[in-house]
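The values are calculated or read from the model by the stated rules, or taken from the named source; none is laboratory data. Since the structure is predicted, the reported quantities are computational estimates derived from the model, not experimental observations. Reconstructed Cβ throughout: ideal geometry from the backbone, glycine too, with neighbour counts over all protein chains shown.
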Ligand SMILES: [Zn+2]
């Protein structure tokens, strides 16, 4: 399985846990429970279950320390965010990606630095832009194939 497959199978609850482990770098089930206490009502047992699922999914590693276990990320945050984006891109028609990116941009609060980078990227993208993006869908999964030309 690729990282995209793995990350795509991470549940929302598991993402909550991953975010704590990424932020803490090394953590225990007790610490995760305490941190998520203000957001969820998960008991230590729930957190332990989620942690062990993430170990099974090879998102986290674990090692004993005294009488407890330390958890640490195997898959990095940046890699997971990239995998999430890739996963979304496999789920939508390539002709709708532009609109999707537009939605993300318009709903995001950005820093001047972010905008600078995006503007540079857009200038680069202009060099390889096409008149009409080809559809990558299985016929019948989007409207593109209903028109004669592709
Ligand atoms: Zn399509």
Worksheet item: Right, residue 68: surrounded by fewer than 14 Cβ atoms within 10 Å (Cβ to Cβ), more than 24 Å from the chain's Cα centre (by Cα), more than 12 Å from the ligand (Cβ to nearest atom) and in contact (Cβ under 8 Å) with a residue 12 or more places away in the chain or not?
Response: yes
Worksheet item: For the stretch 25-42, does any single residue satisfy the condition of being assigned to a helix (DSSP H, G or I) and either within 16 Å of the chain's Cα centre (by Cα) or under 12 Å from residue 80 (Cβ atoms) (or both)?
Response: no
Discussion item. If residue 12 satisfies all but one of (1) in contact with a helix residue (DSSP H, G or I) (Cβ under 9 Å, 6 or more places away or on another chain); (2) modelled with pLDDT of 90 or more, what's the number of the condition it fails?
Written reply: (1)
Item to complete: Write out, first by first residue and then by second, each pair whose Cβ atoms fall under 7 Å of each other, whose residues are 6+ apart or on separate chains, and whose first residue, in the stretch 75-104, is away from the ligand (no atom under 12 Å from the Cβ) while the second is not in a helix (DSSP H, G or I).
Response: 75/59; 100/92
Worksheet entry | Candidate set: the stretch 44-62, residues that are touching a helix residue (DSSP H, G or I) at 6+ places or on another chain (Cβ under 7 Å) and in a helix (DSSP H, G or I); chosen: the one modelled with the lowest pLDDT | 44
Item to complete: Please give the number of the condition residue 139 fails out of (1) at pLDDT below 95; (2) within 24 Å of the chain's Cα centre (by Cα); (3) surrounded by 10 or more Cβ atoms within 10 Å (Cβ to Cβ).
Response: (2)
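Hey, any hits in the stretch 63-77 for a residue that's touching a strand residue (DSSP E or B) at 6+ places or on another chain (Cβ under 9 Å) and either assigned to a loop (DSSP other than H, G, I, E, B) or at pLDDT below 90 (or both)?
Checked against the condition, which is being touching a strand residue (DSSP E or B) at 6+ places or on another chain (Cβ under 9 Å) and either assigned to a loop (DSSP other than H, G, I, E, B) or at pLDDT below 90 (or both), the stretch 63-77 yields at least one hit.
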